[in-house]
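Data first, discussion second: the structure below is written as structure tokens.
The values are calculated or read from the model by the stated rules, or taken from the named source; none is laboratory data. Owing to the predicted nature of the structure, the values given are computational and were not obtained by experimental measurement. Glycine also receives a Cβ, built like all others from the backbone with ideal geometry; neighbour counts cover every protein chain displayed. Remember, those area values only see protein heavy atoms, side chains included, never the ligands or the DNA or RNA. Shrake-Rupley method; radii C 1.70, N 1.55, O 1.52, S 1.80 Å.
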Amino acid sequence: MFRRLDPPPETGNETGTVFWKGAPLEVMLGQSVAAALLEHGISTVRESAKSGAPRGPYCLMGACFECLVEIDGMPGRQACMVTVRAGMRLAPQRGAVALDTLGE
Amino acid sequence: MTEIAVIGGGLLGSAIGYGLARAGCQVTVLDEGDSAFRAARGNFGLVWVQGKGASSPPYAAWTRRSAALWPDFASELAERTRIDLQLAQPGGIEICLSEAEFEERRAKMEALAAQSTGFVFEMLGRNALAREMPGIGPDVVGGSWSPHDGHCDPLRLLRALQAGLRAHGGALCTEAGVSAIRREGAGYRLQGPDLHAERVVLAAGLGNAALAPQIGLAQTVRPVKGQILVTERLAPVLDRPTTHIRQTGDGTVMLGDSKEEVGFDVSSTAPVLAQIADRARRTFPALAQARIVRSWGALRVMTPDGLPIYDASASHPGCYAVACHSGVTLAAAHALDFAKAVAAGALPRELAPLSGERFDVQAA
């Protein structure tokens, strides 16, 4: 659905491997997690905590909280606000964040 | 031409308008529009009894009455409008973070219980409180518990009242700010929306200060800012509301209860938000890990003594003015008891002590 336009000048062409639900994805580093997932056609990244309906990145600027994912075991992260790094383990956010699963 | 015009489309005006329409009146509610300081769009959502009216038995009784009416009020409204108000009245707690706060709270609750028959409360020390509210932090000294307290979703309440108004044949006009009220025949002409009404209920929040003198009443109201933080949706973590922290039916946790006298300013400010977050973190340490998704400021409608004002005009027959900052808690009493009495042509008798005449200085 989404196709990359010319990479912005400050973004290099360095790539790395992240894991989405355990499966490796080759992504361009330096962009947001949301953009990296969208580039791979992954537009559903979570289920609504309220209704269970599928949701995906929408505003891409930190306002709508639609793109929540689990990053390296930390739930409820905004995929559009986190820069993708090689080796990240990414998973869909399912249901509401439980406070006792949070923490270092 | 309308039988009764309600000036103000917030929680107060919408509850009264809904109640009047429900009582068979032909009602038009006039809402100023998005330029208004909408307390109804910014409040915390407590249906709260404990601590209210320690200095005023009539206000304590009116608050208790409304909390008792709330379950039937909410279920009738939900049936009419299909809007679930997320009402829960499991009892509530005010958390105390120091011995001084705890003793001050005890004195206030004892004073309230002394003059409010049937008011139930208990001061819970740290251990007893931890059984009621697991997860309290080491700074928590204790709290006051009362079974009368609860909470609801205030935005759904506003929407349901306005839908209920329409369902009973009433009208809601938006962008209909009233600039002046003039006598016209046996009724009144409302400038702005240019509407003729036989009777008028003024419920314009902070707008009452300018409009009340035009119907022969003085309503001194001032803005008191409150700021609120809201977390992401969380799995159920708080079973009951506290005065500063509550988990909504949708899972978000609201943090609030700042009070600032800064005029007509609704900005949210980092120092106050930080204080609110810090108190929340000391109360329930796990909340430190929740993400904040929104914050806002809104203006309470505050009277000189903090109690509501209910006035019927002596000089302008059929005109009433109401001001209060308990639009959620008192919604049931406003929609039922208050509206029924006004539909019949008078204020409820038990509200006579809450007339604005209490502020009049007597001539020597």
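Taking the Cα centre of region B:86-132 as origin, sum charge times position over the Cβ atoms of Lys and Arg (+1) and Asp and Glu (-1), and report the length of that vector in debye to the nearest 20.
About 120 debye.
Check residue B:355: other-chain or 5+ apart residues with amide H under 5 Å from its amide H, H built from backbone geometry?
For residue B:355, whose amide H was placed from the backbone, the distant partners under 5 Å are B:310.
Between B:61, B:128, B:21, where does the largest GNM mean-square fluctuation fall for chain B, given springs only between Cα atoms within less than 10 Å?
B:128
At 1.4 Å probe size, with every protein chain present, just tell me what the per residue accessible area of the protein assembly as shown comes to in Å².
So the protein assembly as shown comes to 44 Å² accessible per residue, rounded to a whole number.
Could you list log10 I(q)/I(0) for the protein assembly as shown at q = 0.09, 0.11 Å⁻¹, which the Debye formula gives when each Cα is one point scatterer?
-0.69, -0.94
From the Cα gyration tensor of region B:248-296, with a ≥ b ≥ c the square roots of its eigenvalues, which class applies: rounded if a/c is under 1.5, or else prolate if a/b is larger than b/c, or else oblate?
Judged from the Cα gyration tensor, region B:248-296 comes out prolate (a/c at least 1.5, a/b above b/c).
Near residue B:179, within a Cβ-to-Cβ distance under 12 Å, what is the net charge of the other residues, with Lys and Arg +1 and Asp and Glu -1?
0
Indicate the gyration tensor shape class of region B:167-225 (rounded, prolate or oblate), computed on the Cα atoms with a ≥ b ≥ c the square roots of the eigenvalues: a/c under 1.5 is rounded; otherwise a/b larger than b/c is prolate and the rest oblate.
Because a/c hits 1.5 or more and a/b fails to exceed b/c, region B:167-225 counts as oblate.
Picking from A:33, A:82, A:69, which is most flexible by a Gaussian network model of chain A using Cα springs under 10 Å?
Per the Cα network of chain A with a 10 Å cutoff, A:82 tops the list.
Cysteines without a disulfide-compatible partner in chain A, using Cβ under 4.7 Å as the rule?
Here A:67, A:80 come out as lacking a disulfide-compatible partner, given the Cβ-Cβ threshold of under 4.7 Å.
Give me the distance between the Cα centres of region B:1-68 and region B:236-283, rounded to whole Å.
Between the Cα centre of region B:1-68 and that of region B:236-283, the gap is 23 Å.
Tell me, what HN-Hα J-couplings in whole Hz come from the Karplus equation 6.51 cos²θ - 1.76 cosθ + 1.60 at θ = phi - 60° for each residue of region A:15-26, using x for Gly and Pro?
10, x, 10, 10, 10, 9, 6, x, 8, x, 10, 8
What is the dipole size for chain B, taken about its Cα centre, with +1 at each Lys and Arg Cβ and -1 at each Asp and Glu Cβ, in debye to the nearest 20?
Computed about the Cα centre, the dipole is about 340 debye.
Amide H to amide H under 5 Å from residue B:6: which residues, 5+ apart in sequence or cross-chain, H placed 1.01 Å off N in plane?
Correct list: B:28, B:29, B:30, B:201.
On the accessible surface of chain A, probed at 1.4 Å, how many percent belong to carbon and sulfur atoms?
52 percent
In region B:274-364, if the dipole is taken from +1 on Lys/Arg beta carbons and -1 on Asp/Glu beta carbons about the Cα centre, which of B:306, B:341, B:289 is farthest to the positive end?
Going by the charge dipole, the pick is B:289.
Please compute, for peptide B:228-236, the average count of beta-carbon atoms on other protein chains lying within 10 Å of each residue's beta-carbon.
Shielding by partners across B:228-236 averages 4.
Take every Cα pair under 8 Å in region B:280-359 that's 6+ residues apart, average their separations, divide by the length, and report that relative contact order as a whole percent.
Across region B:280-359, relative contact order equals 26 percent.
Tell me, what is the percent relative contact order of chain B, built from C-alpha pairs under 8 Å that lie six or more residues apart?
25 percent
Hey, if you drop one equal point scatterer on each alpha-carbon of region B:28-121 and run the Debye formula without solvent, what base-10 log of I(q)/I(0) do you get at q = 0.16 Å⁻¹?
-0.88
Compare A:67, A:59 by solvent-accessible area with a 1.4 Å probe and give them largest first, with all protein chains kept in place.
Largest accessible area first, the residues go A:59, A:67.
Would you mind telling me which residue in B:14, B:326, B:315 has the biggest mean-square fluctuation in a Gaussian network model of chain B, where springs connect alpha carbons within a distance under 10 angstrom?
Judging by the Gaussian network model, the answer is B:315.
Considering only the other residues whose Cβ falls under 13 Å of the Cβ of residue B:17, what net charge follows from Lys and Arg at +1 and Asp and Glu at -1?
Result for the local shell: +1.
May I ask you to list, by number, the DSSP H helices of chain B whose Cα span along the axis is at least 15 Å and whose average Kyte-Doolittle hydropathy reaches 0.5 or more?
Helices meeting the span and hydropathy rule in chain B are B:11-22.
Percentage of Cα-Cα pair distances in chain B greater than 38 Å, rounded to whole percent?
Counting every Cα pair in chain B, those more than 38 Å apart make up 16 percent.
Sequence gap of 8 or more, or different chains, plus Cα separation below 22 Å: how many lysine pairs satisfy both in chain B?
5
Note down the net charge around residue B:232, summing +1 for each Lys or Arg and -1 for each Asp or Glu among other residues with Cβ under 11 Å from its Cβ.
Around residue B:232, the surrounding residues sum to +3.
Roughly how far apart, in whole Å, are the Cα centres of region B:286-345 and region B:150-168?
Value for the Cα centre distance between the two parts: 14 Å.
Out of B:107, B:188, B:243, whose Cα points farthest toward the positive end of the dipole of the protein assembly as shown (charges: +1 Lys, Arg; -1 Asp, Glu; placed on Cβ)?
Positive-most Cα among the choices belongs to B:188.
Quick one: with all protein chains in place, what share of the accessible area of region B:199-326 is carbon or sulfur, to the nearest percent (1.4 Å probe)?
Here carbon and sulfur together make up 56 percent of the probe-accessible area.
How big is D, in µm² s⁻¹, for chain A by Stokes-Einstein at 10 °C and 1.306 mPa s if Rh is the Kirkwood radius over C-alpha pairs?
After rounding, the answer is 114 µm²/s.
Select from B:40, B:216, B:26 the residue farthest towards the positive end of the dipole of the protein assembly as shown; place +1 on Cβ of Lys and Arg, -1 on Cβ of Asp and Glu, and compute about the Cα centre.
Working it through, the farthest residue towards the positive pole turns out to be B:26.
May I ask you to give the average projected area over all directions of the convex hull of the Cα atoms of region B:195-276, in nm² rounded to one decimal?
Mean orientational projected area (region B:195-276, Cα hull): 8.7 nm².
Considering the Cα positions of region B:240-349, please state its Rg to one decimal place and its Dmax as a whole number of Å.
Taking only Cα atoms of region B:240-349, I get Rg and Dmax of 18.8, 58 Å.
If you count, for every residue in B:287-298, the Cβ atoms of partner chains within 10 Å of its Cβ, what is the mean?
Per residue, the number of nearby Cβ atoms from other chains is 3 on average.
Would you mind putting B:186-199, B:342-355 in packing order, based on average other-beta-carbon counts within 10 Å, highest first?
B:186-199, B:342-355
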